[in-house]
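Below is one structure, written out as C-alpha coordinates; comments come after it.
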Amino acid sequence: MADEILKKVKSLYEKYPYPSRNVTRRKGMETYAKWVLNAIGEKDLDFFKGKFILEAGCGTGELGASLALCGAKVVGIDISNASLKKAEELKKRLDIKNWDLIQSDILSIAFSQKTKFDLVISYGVLHHTSNPKKGFENLVRLVKDNGLISIGLYNRIGRIRHRIKRKIVNVIAGENFEKRMNLARKLFFFGEMPKQGIIWLADKYAHPHESYHSAREVKGWFRKNRIKFISSKPDLGKMLEVSELSWVLGRRGAFFVMTGIKEG
Ligand SMILES: C[S@@+](CC[C@H](N)C(=O)[O-])C[C@H]1O[C@@H](n2cnc3c(N)ncnc32)[C@H](O)[C@@H]1O
(Lines give C-alpha, C1' and ligand atoms only; values in the text may rest on other atoms or scores of the structure.)
Protein backbone atom coordinates (compact mmCIF):
# COMPACT_ATOMS: atom_id res chain seq x y z
CA MET A 1 0.00 0.00 0.00
CA ALA A 2 2.75 2.36 -0.95
CA ASP A 3 1.09 5.12 -2.87
CA GLU A 4 0.10 8.47 -1.40
CA ILE A 5 -3.33 8.49 -3.01
CA LEU A 6 -4.16 5.15 -1.50
CA LYS A 7 -3.13 6.38 1.97
CA LYS A 8 -5.33 9.47 1.71
CA VAL A 9 -8.29 7.59 0.23
CA LYS A 10 -8.00 4.93 2.92
CA SER A 11 -7.97 7.60 5.63
CA LEU A 12 -11.28 9.01 4.34
CA TYR A 13 -12.99 5.63 4.35
CA GLU A 14 -11.57 4.71 7.76
CA LYS A 15 -13.40 7.74 9.10
CA TYR A 16 -16.46 7.64 6.86
CA PRO A 17 -17.05 4.05 5.70
CA TYR A 18 -19.29 4.09 2.63
CA PRO A 19 -22.18 3.66 2.10
CA SER A 20 -23.05 2.55 5.69
CA ARG A 21 -26.69 1.89 4.92
CA ASN A 22 -28.90 1.06 7.82
CA VAL A 23 -29.62 -2.61 7.10
CA THR A 24 -31.03 -4.61 9.99
CA ARG A 25 -32.73 -7.54 8.24
CA ARG A 26 -32.75 -9.52 5.02
CA LYS A 27 -36.06 -8.04 3.90
CA GLY A 28 -35.45 -5.32 1.36
CA MET A 29 -31.96 -6.51 0.39
CA GLU A 30 -33.27 -7.47 -3.06
CA THR A 31 -33.24 -3.77 -3.93
CA TYR A 32 -29.44 -3.81 -3.97
CA ALA A 33 -29.24 -7.02 -5.99
CA LYS A 34 -31.73 -5.53 -8.47
CA TRP A 35 -29.50 -2.47 -8.81
CA VAL A 36 -26.59 -4.73 -9.84
CA LEU A 37 -28.88 -6.78 -12.09
CA ASN A 38 -29.96 -3.64 -13.90
CA ALA A 39 -26.37 -2.35 -14.06
CA ILE A 40 -25.17 -5.51 -15.83
CA GLY A 41 -28.17 -5.62 -18.15
CA GLU A 42 -29.69 -8.87 -16.78
CA LYS A 43 -33.35 -9.40 -15.93
CA ASP A 44 -33.76 -12.19 -13.39
CA LEU A 45 -32.32 -12.35 -9.87
CA ASP A 46 -31.80 -16.08 -10.43
CA PHE A 47 -28.92 -14.99 -12.67
CA PHE A 48 -26.80 -14.69 -9.51
CA LYS A 49 -27.58 -18.17 -8.16
CA GLY A 50 -24.43 -20.31 -8.02
CA LYS A 51 -22.23 -17.56 -9.50
CA PHE A 52 -18.77 -16.84 -8.07
CA ILE A 53 -18.61 -13.05 -7.72
CA LEU A 54 -15.87 -10.61 -6.75
CA GLU A 55 -16.87 -7.19 -5.48
CA ALA A 56 -13.76 -5.02 -5.67
CA GLY A 57 -14.01 -2.05 -3.32
CA CYS A 58 -17.01 -3.45 -1.47
CA GLY A 59 -17.15 -0.71 1.16
CA THR A 60 -19.61 -1.62 3.91
CA GLY A 61 -20.85 -4.49 1.77
CA GLU A 62 -24.55 -3.98 1.05
CA LEU A 63 -24.26 -4.97 -2.62
CA GLY A 64 -22.16 -8.05 -1.91
CA ALA A 65 -24.50 -9.14 0.87
CA SER A 66 -27.51 -8.85 -1.43
CA LEU A 67 -25.83 -11.00 -4.10
CA ALA A 68 -24.89 -13.63 -1.53
CA LEU A 69 -28.54 -13.68 -0.41
CA CYS A 70 -29.46 -14.40 -4.05
CA GLY A 71 -27.36 -17.58 -3.86
CA ALA A 72 -24.01 -16.33 -5.22
CA LYS A 73 -20.71 -17.09 -3.54
CA VAL A 74 -19.27 -13.62 -3.04
CA VAL A 75 -15.82 -12.29 -2.19
CA GLY A 76 -15.56 -8.64 -1.20
CA ILE A 77 -12.26 -6.81 -1.04
CA ASP A 78 -11.55 -3.32 0.24
CA ILE A 79 -8.65 -1.31 1.67
CA SER A 80 -10.67 0.16 4.54
CA ASN A 81 -10.67 -1.72 7.86
CA ALA A 82 -13.62 0.29 9.12
CA SER A 83 -15.68 -0.59 6.03
CA LEU A 84 -14.77 -4.27 6.22
CA LYS A 85 -15.62 -4.32 9.92
CA LYS A 86 -19.08 -2.97 9.13
CA ALA A 87 -19.44 -5.51 6.33
CA GLU A 88 -18.49 -8.31 8.76
CA GLU A 89 -21.12 -7.03 11.21
CA LEU A 90 -23.70 -7.04 8.41
CA LYS A 91 -22.69 -10.58 7.47
CA LYS A 92 -23.23 -11.69 11.06
CA ARG A 93 -26.49 -9.75 11.46
CA LEU A 94 -28.00 -11.24 8.32
CA ASP A 95 -26.44 -14.66 8.98
CA ILE A 96 -24.78 -14.93 5.58
CA LYS A 97 -22.31 -17.78 5.09
CA ASN A 98 -21.38 -17.55 1.41
CA TRP A 99 -19.62 -14.19 1.59
CA ASP A 100 -15.92 -13.65 2.32
CA LEU A 101 -14.35 -10.31 3.11
CA ILE A 102 -10.67 -9.62 2.57
CA GLN A 103 -8.51 -6.55 2.99
CA SER A 104 -6.78 -5.95 -0.34
CA ASP A 105 -5.78 -3.19 -2.72
CA ILE A 106 -7.06 -3.53 -6.29
CA LEU A 107 -3.72 -2.26 -7.57
CA SER A 108 -1.79 -5.08 -5.92
CA ILE A 109 -4.51 -7.68 -5.66
CA ALA A 110 -3.22 -11.22 -5.13
CA PHE A 111 -5.39 -14.27 -5.69
CA SER A 112 -4.04 -17.66 -6.73
CA GLN A 113 -3.62 -18.07 -10.50
CA LYS A 114 -6.53 -20.51 -10.47
CA THR A 115 -9.05 -18.17 -8.84
CA LYS A 116 -11.39 -16.90 -11.54
CA PHE A 117 -14.82 -15.32 -11.09
CA ASP A 118 -18.02 -15.52 -13.14
CA LEU A 119 -18.64 -11.87 -12.46
CA VAL A 120 -16.39 -9.08 -11.19
CA ILE A 121 -18.06 -5.83 -10.14
CA SER A 122 -16.40 -2.64 -9.01
CA TYR A 123 -18.63 0.37 -8.54
CA GLY A 124 -17.33 3.78 -7.57
CA VAL A 125 -13.82 2.54 -6.79
CA LEU A 126 -11.34 2.68 -9.67
CA HIS A 127 -11.66 6.47 -9.97
CA HIS A 128 -10.37 6.71 -6.39
CA THR A 129 -7.16 4.84 -7.22
CA SER A 130 -3.88 6.20 -8.60
CA ASN A 131 -4.16 4.03 -11.71
CA PRO A 132 -7.73 3.10 -12.72
CA LYS A 133 -6.64 1.41 -15.96
CA LYS A 134 -4.17 -0.83 -14.13
CA GLY A 135 -6.86 -1.60 -11.56
CA PHE A 136 -9.23 -2.57 -14.36
CA GLU A 137 -6.59 -4.83 -15.93
CA ASN A 138 -5.96 -6.51 -12.58
CA LEU A 139 -9.67 -7.21 -12.29
CA VAL A 140 -9.93 -8.54 -15.87
CA ARG A 141 -7.29 -11.15 -15.01
CA LEU A 142 -9.65 -12.49 -12.35
CA VAL A 143 -12.60 -12.98 -14.72
CA LYS A 144 -13.26 -16.43 -16.22
CA ASP A 145 -13.46 -16.75 -19.98
CA ASN A 146 -17.03 -15.82 -20.90
CA GLY A 147 -17.42 -14.23 -17.48
CA LEU A 148 -18.56 -10.63 -16.94
CA ILE A 149 -16.88 -7.51 -15.67
CA SER A 150 -18.87 -4.44 -14.68
CA ILE A 151 -17.32 -1.15 -13.56
CA GLY A 152 -18.87 2.12 -12.43
CA LEU A 153 -16.95 5.37 -12.81
CA TYR A 154 -17.43 9.10 -12.60
CA ASN A 155 -18.09 10.51 -16.04
CA ARG A 156 -15.93 13.33 -17.31
CA ILE A 157 -18.83 15.25 -18.81
CA GLY A 158 -21.71 14.01 -16.65
CA ARG A 159 -19.97 15.11 -13.47
CA ILE A 160 -19.14 18.59 -14.66
CA ARG A 161 -21.43 20.45 -12.21
CA HIS A 162 -20.08 18.52 -9.28
CA ARG A 163 -16.49 18.98 -10.44
CA ILE A 164 -16.93 22.74 -10.30
CA LYS A 165 -18.43 22.62 -6.79
CA ARG A 166 -15.68 20.30 -5.60
CA LYS A 167 -12.99 22.59 -7.00
CA ILE A 168 -14.45 25.57 -5.13
CA VAL A 169 -14.58 23.61 -1.86
CA ASN A 170 -11.03 22.29 -2.24
CA VAL A 171 -9.53 25.68 -3.07
CA ILE A 172 -11.20 27.42 -0.12
CA ALA A 173 -11.18 24.69 2.54
CA GLY A 174 -7.88 22.92 1.81
CA GLU A 175 -7.34 19.25 2.57
CA ASN A 176 -9.10 18.87 5.92
CA PHE A 177 -12.13 16.58 5.48
CA GLU A 178 -14.37 18.31 8.02
CA LYS A 179 -13.54 21.80 6.76
CA ARG A 180 -14.49 20.69 3.27
CA MET A 181 -17.73 19.14 4.48
CA ASN A 182 -18.69 22.19 6.55
CA LEU A 183 -18.02 24.50 3.64
CA ALA A 184 -19.99 22.31 1.21
CA ARG A 185 -22.93 22.37 3.65
CA LYS A 186 -22.79 26.15 3.87
CA LEU A 187 -22.44 26.72 0.13
CA PHE A 188 -24.71 24.07 -1.34
CA PHE A 189 -27.18 22.99 1.39
CA PHE A 190 -28.01 26.28 3.15
CA GLY A 191 -26.04 25.09 6.18
CA GLU A 192 -28.20 21.98 6.60
CA MET A 193 -27.05 18.36 6.54
CA PRO A 194 -27.96 17.02 3.06
CA LYS A 195 -30.76 14.44 3.19
CA GLN A 196 -28.31 11.71 2.05
CA GLY A 197 -26.38 12.16 5.33
CA ILE A 198 -22.83 12.67 6.54
CA ILE A 199 -21.25 9.62 4.87
CA TRP A 200 -22.53 10.78 1.50
CA LEU A 201 -21.34 14.32 2.20
CA ALA A 202 -17.85 13.01 2.99
CA ASP A 203 -17.73 10.84 -0.13
CA LYS A 204 -18.87 13.64 -2.40
CA TYR A 205 -17.15 16.71 -0.95
CA ALA A 206 -14.24 15.63 1.26
CA HIS A 207 -12.75 13.06 -1.07
CA PRO A 208 -8.96 13.35 -1.42
CA HIS A 209 -8.89 11.87 -4.91
CA GLU A 210 -11.23 11.27 -7.82
CA SER A 211 -10.63 10.96 -11.54
CA TYR A 212 -13.09 11.28 -14.42
CA HIS A 213 -13.55 8.98 -17.36
CA SER A 214 -15.34 8.75 -20.67
CA ALA A 215 -17.26 5.93 -22.31
CA ARG A 216 -14.79 6.03 -25.22
CA GLU A 217 -11.86 5.59 -22.82
CA VAL A 218 -13.50 2.63 -21.08
CA LYS A 219 -14.39 1.07 -24.44
CA GLY A 220 -10.66 1.36 -25.25
CA TRP A 221 -9.77 -0.46 -22.00
CA PHE A 222 -12.31 -3.15 -22.92
CA ARG A 223 -10.89 -3.64 -26.44
CA LYS A 224 -7.29 -3.93 -25.22
CA ASN A 225 -8.26 -6.55 -22.66
CA ARG A 226 -10.46 -8.86 -24.78
CA ILE A 227 -13.62 -7.57 -23.13
CA LYS A 228 -16.58 -7.35 -25.47
CA PHE A 229 -18.83 -4.43 -24.54
CA ILE A 230 -22.36 -5.52 -23.58
CA SER A 231 -24.15 -2.62 -21.97
CA SER A 232 -23.91 0.77 -20.35
CA LYS A 233 -26.04 2.55 -17.76
CA PRO A 234 -27.22 5.12 -18.71
CA ASP A 235 -27.59 3.72 -22.24
CA LEU A 236 -25.10 4.79 -24.87
CA GLY A 237 -25.98 5.67 -28.44
CA LYS A 238 -23.61 5.29 -31.38
CA MET A 239 -22.10 8.74 -30.83
CA LEU A 240 -20.59 8.33 -27.41
CA GLU A 241 -19.86 11.96 -26.62
CA VAL A 242 -23.36 12.99 -27.71
CA SER A 243 -24.79 10.41 -25.31
CA GLU A 244 -22.61 11.74 -22.51
CA LEU A 245 -23.73 15.26 -23.25
CA SER A 246 -27.36 14.13 -23.15
CA TRP A 247 -26.67 12.54 -19.74
CA VAL A 248 -25.46 15.85 -18.33
CA LEU A 249 -28.39 17.75 -19.81
CA GLY A 250 -30.80 15.19 -18.36
CA ARG A 251 -28.92 15.35 -15.04
CA ARG A 252 -28.03 11.66 -15.35
CA GLY A 253 -24.80 9.79 -15.84
CA ALA A 254 -22.49 11.61 -13.43
CA PHE A 255 -21.79 8.00 -12.53
CA PHE A 256 -21.89 5.48 -15.37
CA VAL A 257 -21.59 1.72 -15.44
CA MET A 258 -20.10 -0.27 -18.30
CA THR A 259 -20.29 -4.05 -18.53
CA GLY A 260 -18.55 -6.48 -20.83
CA ILE A 261 -17.88 -10.17 -21.36
CA LYS A 262 -14.39 -11.69 -21.42
CA GLU A 263 -13.88 -13.38 -24.74
CA GLY A 264 -12.64 -16.96 -24.43
C1 LIG B 1 -17.48 5.01 -2.91
S2 LIG B 1 -17.04 3.58 -2.04
C3 LIG B 1 -17.98 2.37 -2.96
C4 LIG B 1 -18.40 1.19 -2.13
C5 LIG B 1 -19.25 0.15 -2.88
N6 LIG B 1 -18.59 -0.30 -4.07
C7 LIG B 1 -20.61 0.70 -3.21
O8 LIG B 1 -20.86 0.96 -4.40
O9 LIG B 1 -21.42 0.86 -2.31
C10 LIG B 1 -15.39 3.26 -2.60
C11 LIG B 1 -14.73 2.09 -1.87
O12 LIG B 1 -13.54 1.72 -2.58
C13 LIG B 1 -12.54 1.39 -1.65
N14 LIG B 1 -11.24 1.54 -2.31
C15 LIG B 1 -10.65 2.70 -2.71
N16 LIG B 1 -9.46 2.44 -3.28
C17 LIG B 1 -9.32 1.09 -3.26
C18 LIG B 1 -8.29 0.20 -3.70
N19 LIG B 1 -7.18 0.66 -4.26
N20 LIG B 1 -8.46 -1.13 -3.53
C21 LIG B 1 -9.60 -1.60 -2.93
N22 LIG B 1 -10.60 -0.80 -2.49
C23 LIG B 1 -10.45 0.51 -2.65
C24 LIG B 1 -12.77 2.37 -0.52
O25 LIG B 1 -12.18 1.95 0.69
C26 LIG B 1 -14.30 2.42 -0.47
O27 LIG B 1 -14.81 1.48 0.43
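The values are calculated or read from the model by the stated rules, or taken from the named source; none is laboratory data. Note that the structure is a prediction, hence the values are computed from the model and not measured. Here Cβ is always computed from backbone atoms with ideal geometry, including for glycine, and neighbour counts include all displayed protein chains. All accessible areas refer to the heavy atoms of the entire protein, side chains included, with ligands and DNA or RNA removed. Shrake-Rupley method; radii C 1.70, N 1.55, O 1.52, S 1.80 Å.
At 1.4 Å probe radius, can you tell me the per residue accessible area of region 160-206 in Å²? Numbers along the way, then the final one.
Details: 2880 Å² over 47 residues.
Solvent-accessible surface per residue comes out at 61 Å².
Mind checking which of Glu210, Glu175, Glu55 has the largest fluctuation in a GNM of the chain, springs on alpha carbons under 10 Å?
Glu175
What would the Debye formula give as log10 I(q)/I(0) at q = 0.14, 0.15 Å⁻¹ for the alpha-carbon point model of the chain, no solvent?
With one equal scatterer per Cα and no solvent, log10 I(q)/I(0) is -1.01, -1.17.
Taking only protein heavy atoms into account and a 1.4 Å probe, give the accessible area per residue of region 26-117 in Å². Before the final figure, lay out the partial values.
On the way: 4330 Å² over 92 residues.
I get 47 Å² per residue for this part.
³J(HN,Hα) across region 142-151 via Karplus (A = 6.51, B = -1.76, C = 1.60, θ = phi - 60°), whole Hz, x for Gly/Pro?
So the J values, rounded to whole Hz, are 8, 8, 5, 4, 6, x, 10, 10, 9, 10.
How big is the dipole moment of the chain about its Cα centre under a simple scheme where the beta carbon of each Lys and Arg is +1, that of each Asp and Glu is -1, and everything else is neutral? Debye, nearest 20, please.
Working: 49 positive and 28 negative charges, 85 e Å.
With only Lys, Arg, Asp and Glu charged at Cβ, the dipole is about 400 debye.
Would you mind checking which residues have amide H under 5 Å from Ser214's amide H? H placed 1.01 Å from N; only 5 or more apart, or other chain.
Under 5 Å from the amide H of Ser214: Arg156.
For region 5-19, what does the Karplus curve 6.51 cos²θ - 1.76 cosθ + 1.60, with θ = phi - 60°, yield as ³J(HN,Hα) per residue in whole Hz, taken in order and with x for Gly and Pro?
Once rounded to whole Hz, the list reads 4, 4, 4, 5, 5, 4, 5, 5, 6, 5, 8, 10, x, 10, x.
Under a 10 Å cutoff between Cα atoms, tell me which one of Lys27, Lys219, Lys228 has the largest fluctuation in the Gaussian network model of the chain.
Lys27
Round to a whole number: what % of the accessible area of the chain belongs to carbon and sulfur, probe 1.4 Å?
Numbers: 6960 of 12990 Å².
For the chain, the apolar C and S fraction of the accessible surface comes to 54 percent.
Show me, for region 100-110, the HN-Hα J-couplings you get by feeding each phi into the Karplus relation (A = 6.51, B = -1.76, C = 1.60, θ = phi - 60°), rounded to Hz, glycine and proline as x.
10, 10, 9, 7, 7, 9, 4, 6, 9, 5, 10
Give me the distance between the Cα centres of region 149-168 and region 225-241, rounded to whole Å.
Cα centroid of region 149-168 versus Cα centroid of region 225-241: 18 Å apart.
Which of these, Lys114, Lys179, Lys204, has the largest mean-square fluctuation under a Gaussian network model of the chain (Cα springs below 10 Å)?
Maximum fluctuation in the GNM of the chain, among the listed residues, is at Lys114.
Compute the Rg to Rh ratio over region 160-206 from the alpha carbon atoms, using the Kirkwood formula for Rh, and round to two decimal places. The partial results should precede the final answer.
Details: Rg = 9.5 Å, Rh = 10.3 Å.
Rg/Rh: 0.92.
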